[in-house]
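Below: one structure, written as structure tokens.
The values are calculated or read from the model by the stated rules, or taken from the named source; none is laboratory data. What you see is a predicted model, and the numbers here were worked out from it, not measured in a lab. When we count neighbours, we look across all protein chains shown, and the Cβ atoms used for this are built from the backbone with ideal geometry, even at glycine.
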Amino acid sequence: MVGVLALVLLDRSELAAGGTRAGLVAVAFLLVPVFRLMDLYKSRVWLRPAPHLWRLITGSVLLLIAYAAVHVAAKQSLALSGPTAFRAAVALPAAAVARLAAVSVLVALARDLPVLQRRAVLLGRPNAVAEFARRVTLEPLLGVVFAGVISAAAESGVPGNGLAHIGSLDDLDTLVATGVSDAFVCWEGTANDELFALVQRCRTAGLDVHIVGPPFDAVAAEPWQREYDQADVASIHGTSVRGLQLAVKRLVDVAGSLALLLALSPLLLGIALAVVLTSPGPALYVSEPVGYQRRQFRFFKFRTMTHGAPDQSHRELIAKVVTDADGKHGKLRDDPRITRVGQFLRRYSLDELPQLFNVLRGEMSLVGPRPSAVYELENYRPWHFGRFAVRPGMTGLWQVGGRARVSFNQMVAMDLYYIENFSLWLDVVILVRTIPVVFVGRGGF
């Protein structure tokens with residue numbers, strides 16, 4: 001791709017320039033890492049045109065930004081000429097679209113080749129398995145071939161719509177050795193603790209897991225993240241936050257929080273003055289919730305309640321929300337403890353801005369699960385604790401997918417989905433989608 005760009009973008013005089021040659025070398029070194037961070041070398045991305053296209057364009061833009069950063073750091077030594085830089089801004093997305101078109105043609109011509117297919121098994125309750133098998137028979141999933149149905153125990157299960165029963169959970173390792181790479185779990189009606197134990201069993205065997213129905217239905221309803229056309233299938237790939245992506249995520253957190261603190265400093269000062277002038281007490285509310293690996297930390301927010309207000313009503317609400325985790329209790333409405341300024345700050349999430357200091361200090365991230373109050377953990381189920389596997393965030397799937405409109409179980413499912421499917425692309429999407437949510441004030445009060 002870099003060689004094609006060199007031929008398309010540059011004339012001989014530009015190629016002779018040392019700075020331009022160095023610029024192409026920089027682009028060559030940056031291309032693979034940036035596209036890798038966008039998951040553009042994974043078949044589950046490039047087999048689907050829409051996410052493939054958007055990730056290509058986003059990766060190209062990030063490549064230009066990364067090159068610009070190298071350019072600035074090198075103090076002009078890696079400079080491209082103005083016309084060449086303009087043509088690069090046009091040619092990179094164009095090359096991305098050409099790549100998409102070429103892959104689409106190859107997939108259309110070679111759809112039946114085994115190398116482009118993933119072998120999968122169906123697992124779950126007989127009725128749910130049979131219904132999903134019927135659906136995928138009518139509308140086959142792109143790139144998926146079902147090897148058969150497996151049961152949760154040694155007894156034979158009920159085959160689904162012509163799919164043979166090929167074993168039980170005890171046979172997972174053997175099935176993986178024969179080329180099975182995915183498991184579609186149709187487990188409606190099963191307790192969430194049992195469901196997540198099953199997911200972990202499949203993950204341990206090395207399978208990508210796709211859950212049909214609750215509790216991930218709130219995630220699967222988001223078309224921008226959905227892997228298959230079915231609106232109730234959420235995919236878990238086990239690409240948790242680690243390695244290079246973790247280092248880049250932390251770099252983005254530091255740079256982003258520092259830039260936002262500098263840019264928003266007048267707004268932060270104005271809000272602080274509004275809080276202290278309209279209600280006795282400090283501008284900040286400081287608590288010690290539970291975050292990464294269940295560690296407590298000092299958590300900053302603008303104070304939105306009367307100073308010293310009791311928290312018993314909130315404790316009772318949280319206990320009810322977590323205990324009746326499938327109910328949509330939301331937050332306390334018309335809470336008399338909230339000040340007039342506090343109502344405005346909460347509606348537009350402006351009270352959360354001091355958490356940029358938590359991000360800068362390394363206690364939080366820009367994107368991740370929300371931290372939990374200590375007393376919230378008293379009613380947690382075992383599977384709920386999985387949300388502490390990463391640093392808590394200022395925004396996340398819950399905020400852009402429902403805020404106060406989803407149940408507690410759905411919120412935790414969104415957190416676990418984010419952790420298991422982490423990518424910088426997903427962080428970018430969440431951050432972009434947070435902007436309109438905050439401006440509209442949807443779900444906040």
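Observations on the model:
- When residues of the stretch 368-389 are limited to those that are of a type in the set (A, V, I, L, M, F, W, C) and over 23 Å from Val286 (Cβ atoms), the one surrounded by the fewest Cβ atoms within 10 Å (Cβ to Cβ): Phe385
- Arg370 charged (D, E, K, R), part of a loop (DSSP other than H, G, I, E, B), touching a helix residue (DSSP H, G or I) at 6+ places or on another chain (Cβ under 9 Å) and within 22 Å of Asp311 (Cα to Cα): yes
- Gln293 falls short on exactly one of the conditions (1) at negative phi; (2) outside any loop (DSSP other than H, G, I, E, B), and that condition is (1).
- Residue that is modelled with the lowest pLDDT, among those in the stretch 86-133 that are among the basic types (Lys, Arg) and in contact with a Ser or Thr (Cβ under 9 Å, 6 or more places away or on another chain): Arg125
Here's the yes/no breakdown for (1) acidic (Asp, Glu); (2) more than 30 Å from Thr204 (Cα to Cα); (3) at pLDDT 90 or above:
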| site | (1), (2), (3) |
| --- | --- |
| Gly243 | no, no, no |
| Ala247 | no, no, no |
| Arg250 | no, no, yes |
| Asp253 | yes, yes, yes |
| Leu258 | no, yes, yes |
| Ala263 | no, yes, yes |
| Pro266 | no, yes, yes |
| Val275 | no, yes, yes |
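- Strands (runs of 3 or more DSSP E) wholly inside the stretch 171-240 containing at least 1 residues that are crowded, with 22+ Cβ neighbours inside 10 Å, more than 16 Å from the chain's Cα centre (by Cα) and modelled with pLDDT of 70 or more: 180-186, 208-212
- Residues in the stretch 275-296 that are under 17 Å from Leu345 (Cα atoms), touching a Phe, Trp or Tyr at 6+ places or on another chain (Cβ under 9 Å) and surrounded by 13 or more Cβ atoms within 10 Å (Cβ to Cβ): 4 in all.
- Residue satisfying condition, being hydrophobic (A, V, I, L, M, F, W, C), modelled with pLDDT of 85 or more and outside any loop (DSSP other than H, G, I, E, B), within set Leu377, Leu426, Leu416: Leu377
- Any hit, the stretch 297-307, residues being surrounded by 15 or more Cβ atoms within 10 Å (Cβ to Cβ), at pLDDT 90 or above and out of contact with any Gly (no Cβ under 9 Å at 6 or more places or on another chain): yes
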